[in-house]
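Mind looking over this structure? Questions follow.
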Amino acid sequence: MGLRAYFFINVADDMTQQEFVKELMELERMPEVDFVDPVVGDYDVVVMVEAPVSVEALANKFKEKPWIKELRILRIVSLFERHQASKRELLKALRHSGV
């Protein structure tokens with residue numbers, strides 16, 4: 001399994017509905033893409049990806065598309081990884097406080 005992430009995307013304001021649908025279908029066909037969902041809110045599209053080597057490299061590939069105005073990455077970490085990181089931070093803070 002590669003590195004997983006969500007990409008939050010804002011699209012160009014001048015895109016037509018037909019262009020929007022066409023581009024999303026193209027994204028869905030990419031082997032690294034698990035799903036593509038249009039959304040309402042701060043972003044226009046959420047894409048879940050699995051990058052074989054680098055999430056950033058895949059994000060850069062997406063950013064080359066002229067219709068993508070903005071792309072934000074949220075990396076997915078396992079619960080265990082997140083727990084280990086927060087545990088290390090807690091222990092580090094406790095050592096500095098003298099507890």
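The values are calculated or read from the model by the stated rules, or taken from the named source; none is laboratory data. Every value quoted in this text rests on a predicted model; they were computed, and no experiment measured them. Every residue, glycine as well, gets a Cβ built from its backbone with ideal geometry; the counts of neighbours run over all protein chains shown.
Mind counting the residues in segment 37-79 that are touching an Asp or Glu at 6+ places or on another chain (Cβ under 6 Å), aliphatic (A, V, I, L, M) and within 20 Å of Q18 (Cα to Cα)?
1
Looking at segment 31-51 only, could you name the residues that are without any contact (Cβ under 8 Å) to a residue 40 or more places away in the chain and either out of contact with any strand residue (DSSP E or B) (no Cβ under 8 Å at 6 or more places or on another chain) or not hydrophobic (A, V, I, L, M, F, W, C) (or both)?
Across segment 31-51, the qualifying residues are P31, E32, D34, D37, P38, V40, G41, D42, Y43, D44.
Let me ask another. Inside segment 1-26, can you point out the residues that are in contact with a strand residue (DSSP E or B) (Cβ under 6 Å, 6 or more places away or on another chain) and without any contact (Cβ under 8 Å) to a residue 24 or more places away in the chain?
Hit for segment 1-26 is L24, nothing else.
In segment 9-31, which residue that is under 14 Å from K65 (Cβ atoms) and among the β-branched types (V, I, T) is farthest from the chain's Cα centre (by Cα)?
Here the answer is V11.
A further question on this structure: Mind checking which residues of segment 15-24 are assigned to a helix (DSSP H, G or I) and surrounded by 12 or more Cβ atoms within 10 Å (Cβ to Cβ)?
Matches in segment 15-24: E19, F20, V21, K22, E23, L24.
Shifting gears a bit: Can you tell me which residue in segment 1-10 is modelled with the lowest pLDDT, limited to those that are out of contact with any Pro (no Cβ under 9 Å at 6 or more places or on another chain) and assigned to a strand (DSSP E or B)?
Checking each candidate, the answer is R4.
Let me ask something else. Could you please find all residues in segment 25-59 being surrounded by 12 or more Cβ atoms within 10 Å (Cβ to Cβ) and of a type in the set (S, T, Y)?
Result: Y43, single match.
For Y6, indicate whether it is within 10 Å of the chain's Cα centre (by Cα) and aromatic (F, W, Y).
Yes; evaluated as a whole, the condition is true for this residue.
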